[in-house]
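A short worksheet on the structure shown next.
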Amino acid sequence: MNLEVQLAPRHPRGLRLRNPVIAASGTFGYGEEFEGVIDIQRLGAIVCKGTTLKAREGNPQPRLAETPCGLLNSIGLENIGLGRLISEKAPVWAGWKTPVIVNIAGGSLAEYRKLASSLEGVVGVAALELNISCPNVRSGGMEFGMKPDLTARVTAAVRQANSLPLIVKLSPNAGDIVSIARAAVREGADALCLINTLKGMAIDLAKKRRLPGFGSGGLSGPAIKPVALYQVYSVSGAVDVPVIGCGGIECGRDALEFLAAGAAAVEVGTASFTNPRATIDILDGLEKHMAENDVRDVGELTGVARAWNIV
Ligand SMILES: Cc1cc2nc3c(=O)[nH]c(=O)nc-3n(C[C@H](O)[C@H](O)[C@H](O)COP(=O)(O)O)c2cc1C
């Protein structure tokens, strides 16, 4: 049984993962936080918290609000900053079997370029994930993921500044995600990840306030799964690079649905909050399904739904 996936087939070194289960950015810290809880060395990959040039404290509390089947967050990219990531985290990751992908978030084109060039040649960093889809910051963030020309410019800038495999993480808030996806691929994305959170808001009538504290937030969890599935289906049918599916994946069956829709791998986010073992449970579920159904290679599962319900 082969669970290996190649997420950057067009890249000279490629990005080969032992299996397609990846911990999503912002929900798995820097990986170390989960070391005593699960065997992180079994994971396909880990994406670290969105990293900015300077350390950020993030937005004021409350930064989380639960909604039916979902979670609203307005963390605002709290992170240790690029310098500490390079000096403290990368040397630890260098000793791991599981590759670590660094999620980068800039406030401007120049910041994205600087983040990418500073990560060139850093041992312990396997790939970059370009976050152009964070709804919880006032400048940059999601803005670059809203229009194909901006997506093209930021992807090209990062591609030029860094030779690692490049994943571009897209926003479901864009009107036409297929055009955005095509722009990223044209400018050198080796793979795409979708989706980031959907912009949303809750209201606390008793306290007379909007939630989360930022006034709006990003919705994640099972509530967004149908949106994510459809966008993965649409984009994977329109581009010729691997698509990583993300959004509400909680169990092996959810992951299988994303593979069927066209994903080559999956990222697991919010589920790790309710079940810290979620990533491993999902991997076990995939393996069980493959064994029971005589699936020899996980790649056979990708895109099978494309041929279903054609009338
Ligand atoms: C608390 C929280 C923090 C997040 N931080 C980031 C981040 O720093 N960078 C990023 O690209 N995505 C971030 N995300 C988005 C997730 O990686 C993921 O794309 C999204 O939550 C949808 O997947 P899920 O429903 O499995 O959580 C964050 C999500 C949550 C819930």
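Along the chain, counting only GluC sites (Glu not before Pro) with a DSSP assignment other than H, G, I, E or B and at most 13 other Cβ atoms inside a 10 Å radius, the longest segment between sites is 121-311.
When every Cα-Cα distance of the chain is counted in 20 angstrom steps from zero, the calculated P(r) takes the values 36, 59, 5 percent. On full extension, the segment bounded by GLU33 and SER87 gains 17.7 nm, given 0.36 nm per residue less the C-alpha separation. Just ILE203, ILE244, ILE280 to compare: in a GNM of the chain, with alpha carbon springs under 10 Å, which one fluctuates most? Residue with maximal mean-square fluctuation among ILE203, ILE244, ILE280: ILE203. Once backbone amide H atoms are built at 1.01 Å from N, ARG16 has LEU7 as its partners under 5 Å, excluding neighbours fewer than 5 places away on the same chain. Using only Cα coordinates, the Kirkwood hydrodynamic radius of region 164-203 works out to 11.0 Å. Distances longer than 20 Å among the Cα atoms of region 243-311: what percent of all pairs is that? Counting every Cα pair in region 243-311, those more than 20 Å apart make up 27 percent. Dividing the summed helix terms, -39500 (n - 2.57) for each DSSP H run of n ≥ 4, by the number of residues in the chain produces a 222 nm estimate of -7500 deg cm²/dmol to the nearest 500.
From the alpha carbon centroid of region 29-80 to that of region 145-224 is 16 Å. Ordered from highest to lowest accessible area with the whole protein assembly present and a 1.4 Å probe, THR274, THR27 read as THR274, THR27.
Take region 183-290 with all the other protein chains still there, run a 1.4 Å probe, and you get 37 Å² of accessible area per residue. Going by accessible surface with a 1.4 Å probe and the largest first, ASP204, ASP240, ASP284 read ASP240, ASP284, ASP204.
The alpha carbons of region 121-222 give a radius of gyration and a Dmax of 15.7, 53 Å, in that order.
Classify region 218-280: rounded, prolate or oblate, from the alpha-carbon gyration tensor (a ≥ b ≥ c, eigenvalue square roots; a/c under 1.5 rounded; otherwise prolate if a/b is larger than b/c)? It is prolate, given that a/c is not under 1.5 and a/b is the larger ratio. Computed over protein heavy atoms with a 1.4 Å probe, the carbon and sulfur contribution to the accessible area of the chain reaches 53%. Extents of region 27-108, taken as max minus min of Cα coordinates on every principal axis and listed largest first, are 37, 33, 20 Å. Here the average projected area of the convex hull drawn through the C-alpha atoms of region 24-160 stands at 9.1 nm². When DSSP beta bridges are restricted to pairs lying wholly in the chain, around 40% turn out antiparallel. What the Cα convex hull of region 166-311 gives, in volume per residue, is 149 Å³.
The values are calculated or read from the model by the stated rules, or taken from the named source; none is laboratory data. Just so it is clear, the structure is predicted and the values come from calculations on it, not from any experiment. No Cβ is skipped: glycine too gets one built from the backbone with ideal geometry, and neighbour counts run over all protein chains shown. Surface accessibility is based on the protein's heavy atoms, side chains included, excluding ligands, DNA and RNA. Shrake-Rupley method; radii C 1.70, N 1.55, O 1.52, S 1.80 Å.
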